[in-house]
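Trainee: Before I ask anything, here is the structure I am working with.
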Amino acid sequence: MIKKYININNNRKFIMTFFDFDVTYCPVELSLQLINRKWVIQIIRDMFFGKKRFSEFKEGKPELTNKALSRCLRYMEGEGLIEKITDEEDKRVNYYILTEKGRSLNRLIYDLVVFTLDNDDDPTHYSEKTKEETKQIFREKLGV
């Protein structure tokens, strides 16, 4: 354990305690390793908004290549965030759905939305009314 002290009026005061641990196993680090891969959060957000198909995930993302999206979806499936389902009637058609693990990111995504809106001081991005409407839309879609 690492302790920090400061001197106030010649009295030594304890201010913080830090645990000396391997940052590799820090919960924040582990979470970021899971979701920090490019496109993961955007695809999960899109799934909360109803997108399920490969072509739908590409909408509005011209820089997302087919190869990158395929890799990302395989990664997300391997990490247990999504499940790939093949259409019974047309085996060439695949759908992707969030698993329970993927759905559990709803609060994190909502908190990112709130953080961004609450800390965006540029009035050209969002009006106060638009900020509240955006929060409401995300609350409904994310189920928070």
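Please treat every number below as a calculation from the coordinates, not as lab data. What you are looking at is a predicted structure, and each value in this text was computed from that prediction instead of being measured. Using ideal geometry, Cβ is built from the backbone for each residue, glycine included, and neighbour counts are taken over all protein chains shown.
Trainee: By the gyration tensor of its Cα atoms, with a ≥ b ≥ c the square roots of the eigenvalues, what is the shape of the range 105-144: rounded for a/c under 1.5, prolate for a/b over b/c, or oblate?
Mentor: oblate
Trainee: Using +1 at the Cβ of each Lys and Arg and -1 at the Cβ of each Asp and Glu in the range 22-108, identify which of LEU108, THR24, CYS72 lies farthest towards the dipole's positive end.
Mentor: CYS72
Trainee: Let me ask you something else. For the range 36-125, what does the alpha-carbon gyration tensor say about shape, rounded, prolate or oblate, given a ≥ b ≥ c as the root eigenvalues, a/c under 1.5 as rounded, and a/b over b/c as prolate?
Mentor: prolate
Trainee: Still on this structure, please answer the following. Just want the answer: with Cβ charges of +1 for Lys and Arg and -1 for Asp and Glu, which residue in THR124, ILE41, PHE54 is farthest toward the dipole's positive end in the range 36-131?
Mentor: Toward the positive end, the furthest listed residue is PHE54.
Trainee: Please give the length that would be gained between GLU83 and LYS129 if that part of the chain were fully extended, namely 0.36 nm times their separation in residues minus their C-alpha to C-alpha distance (nm, one decimal).
Mentor: Once the chain is fully extended between GLU83 and LYS129, it gains 12.9 nm.
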